[in-house]
Every structure is written in C-alpha cells, then in structure tokens.
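Q: I'd like to ask you about the structure that follows.
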Amino acid sequence: MTILSVTRTVSFAAALAFGAVAATADPLPSWNDTAAKARITDFVDAVTDPGGSDYVTPADRIAVFDNDGTLWAEQPLYFQLIFAIDVIGEMAKDDPSILTSDVLKAAAKKDYKVVLAGGEEALVEVMKASHSGMTVEVFQARVADWIVTARHPDTGLAFNQMTYQPMVELLRYLRDEGFKTYIVSGGGIHFMRVLAEDAYNIPNEQVIGSYGMSEYKLIDTVPTIVKSPAIGFNDDKEGKAINIDRIIGKRPIIAGGNSDGDFAMIEWTTAGDGPRLGLIVHHTDADREYAYDRDSHIGRLVNGLDKGPGMGWLIVDMAKDWARIYTGQQ
C-alpha cells in the first residue's frame, strides 16, 4: 500500500469517526434525560423527516417564545422594570424635580414593594417616565450599558448572564433543524432588541413585543425616531396571537411560555392542523432559581397548569428537567 493510500484510508476513517460523533452529539446538553427532553427531540425529528407523515417544510417551521420567565428570569420583578427604576434614580440625581409622585419617589429609592403595590398604573408611570423623551438610539445605548453592568439583587449576576442555558440550547437546536425562531413577549420591543441577538442569536426583525408610540423628528436636521409616553400596543395575552398573525403571517408550530400571559399564544398555536408543540416552563426550582406559579405577583400560572396537559402541552419542570439554569453559572 502506498503512502497516499494509507493517508486516504486514515482520512476516510477519521471522517467516519467525526460523522459518528456529530450524529450522536447531544443538541440539548443542559437538559436532563427526562421525558420532556425526549418529547422535544421526538417532535423535531418527526417534523424534519422528509419521509415521515408529520413532515413540515422549512418555510412553515415557525417557533415563538415568550422572553420574561421563559428565556431569562423574571423575579423578583421584570428586569425591564428594574432597569426603569434604576433610570429614575439616575435621572433624579440630576433633577430631583422629576419626582412628582409617591411612586416616582419610591422608584428613586429602589423601593420595589411600594412600586408594585401601586399596581399597573404605577408601573406604567415608572415606564413612561424612564422610557420616553429620548431617541431610540439613546435609549438602547442606556439599556446596553445597564444590561452588562447592573447586578441582579439576588444572584449578583449581570442581567445578560441570567438567560436560561437550556432554552438558549433549544433555540439553537431548532434553528439547526431549519426552524425560524421568534421572541413574542410583553416586554418592550426596543428593550429586548438590545439583548436578543447577542443572547439568543435572534435578529431584531424577529423580536415582537410591546411598544410605546414614537415620533419622527428632525433633530439638528437629522431624521430621528423619538420615544413618547403613549402606549402603542401591549403584546400580552390575546395580543400575542394577534401580533403573530399581523407580523409573521403564519401560525407557528411551536410556542413556549411560562405564564397565563402566554396562554392564548400557545392555545392558538396548538389549535392549528398538523403536528404542534406547546411548552410551558414551570418554575419549580427554589434552590437554583425560584419556585412560583398560581399565587405569584409575576408570571402567574394557573390556566397553563390546569388546562395545558389536557391540550397536550409539555410542562417543563425546571427542577427535574434542567441540569443547569443560567448561562452565567456553571
């Protein structure tokens, strides 16, 4: 046998070995080997097998996921609200006269309990005061700085480290299998777009969220978009399904969330013809994350638990099904 023949034989053997490793590589290494993981991979195998009865063409492989509590944490309160409260504090240092209400005064002191006690009206007041009157570029630059420098009050992690590693893997796995992945969240669209590409590899045009009204202005002769206080669209509950139809134009075949705010989106997704997968992330891990559902002030989950299993939805038990929680922790 010539040297060339030996080289070709070794190269062929190496290629076979590499192919075997690639074929057996675990696409979801941070998921435990439970029924939940098997359900996901079995579904993906079925819809991507051209010879199977459940095959779905790539053009129709649409997967949508909530963000807060589904792709990253949301306790002790929504991260965008923590950001807004931090902004109020910074603004008040420069101009204390902006603190025109008890709610804003509490926000400047980072008194989360008082802000939350004010209900939706108080939250809207804080969001308007901290999110409006600036260009989109200025707002997003402020978010980009905060998301890597501010620290979570319980974990001490930067907020961009508190994405869920198992869900990041799931997004990547789906894209590798020809899916187009979207975020559909009640969070602000300009806020989430700062995070989405780096954290999830989801481009801006595939981020659907709530938004305030904006104004088109010439600032120093430069055409500019300025955020204004009025609410444009609240992308929550039934609004999620409406926005998916309006923006994507197709009913997804996978939808994932963690609360009753996601119920309508998952219900609408799984009501379609053909193979469908509805997924609920159930927060059951008080040791590594948080445990909450029915009585939570954030991420309340009742209908998803009571009705989801009967509709064939997958309820992911974080404590049992996930080997790892945050991307920023080993």
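The values are calculated or read from the model by the stated rules, or taken from the named source; none is laboratory data. Model, not experiment: these values are computed from the prediction. FYI the Cβ positions are ideal-geometry reconstructions off the backbone, even for glycines, and counts take in every protein chain you see.
Q: Among the helices (runs of 4 or more DSSP H) lying completely within region 66-144, list those that include at least 1 residues that are in contact (Cβ under 8 Å) with a residue 24 or more places away in the chain and of a type outside the set (A, V, I, L, M, F, W, C). I'd like the intermediate steps shown before the answer.
A: Working: elements: 79-94, 102-108, 112-117, 119-131.
Because the criterion is at least 1 residues that are in contact (Cβ under 8 Å) with a residue 24 or more places away in the chain and of a type outside the set (A, V, I, L, M, F, W, C), the helices (runs of 4 or more DSSP H) in region 66-144 that meet it are 79-94, 112-117, 119-131.
Q: Looking at A230, A291, can you tell me which residue is in the same structural domain as D42 (by TED's automatic domain parsing) and modelled with pLDDT of 95 or more? Give the derivation first.
A: Details: A230 fails: modelled with pLDDT of 95 or more.
Residue meeting the stated conditions: A291.
Q: In region 57-71, which residues are of a type in the set (V, I, T) and closer than 28 Å to W322 by Cα? Walk me through it before giving the result.
A: Going residue by residue through region 57-71, those that are of a type in the set (V, I, T) are 57, 62, 64, 70.
Those that are of a type in the set (V, I, T) and closer than 28 Å to W322 by Cα: I62, V64, T70.
Residues are listed down the side, and each one gets a yes or a no for (1) surrounded by 16 or more Cβ atoms within 10 Å (Cβ to Cβ); (2) at pLDDT 95 or above; (3) aromatic (F, W, Y); (4) out of contact with any strand residue (DSSP E or B) (no Cβ under 7 Å at 6 or more places or on another chain):
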residue	(1), (2), (3), (4)
E137	no, yes, no, yes
A144	no, yes, no, yes
T163	yes, yes, no, no
L195	yes, yes, no, yes
N204	no, yes, no, yes
G209	yes, yes, no, no
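Q: Please specify each residue of region 205-240 satisfying the condition of being farther than 19 Å from S132 by Cβ and within 16 Å of the chain's Cα centre (by Cα).
A: Hits for region 205-240 are E205, Q206, V207, I208, D236, K237, K240.
Q: Still on this structure, I have one more. Please pick out the residue among K240, K307, K250, K320 that is crowded, with 23+ Cβ neighbours inside 10 Å and modelled with pLDDT of 95 or more. Write out each step before concluding.
A: Details: K307 fails: crowded, with 23+ Cβ neighbours inside 10 Å; K250 fails: crowded, with 23+ Cβ neighbours inside 10 Å; K320 fails: crowded, with 23+ Cβ neighbours inside 10 Å.
Just one listed residue meets the conditions, K240.
Q: Is one or more of the residues making up region 64-77 modelled with pLDDT under 95 and within 21 Å of the chain's Cα centre (by Cα)? Give the steps one after another, and end with the answer.
A: First, pick out the residues of region 64-77 that are modelled with pLDDT under 95: 76-77.
Filter once more, so that each one left must be within 21 Å of the chain's Cα centre (by Cα): 76-77.
Within region 64-77, one or more residues are modelled with pLDDT under 95 and within 21 Å of the chain's Cα centre (by Cα).
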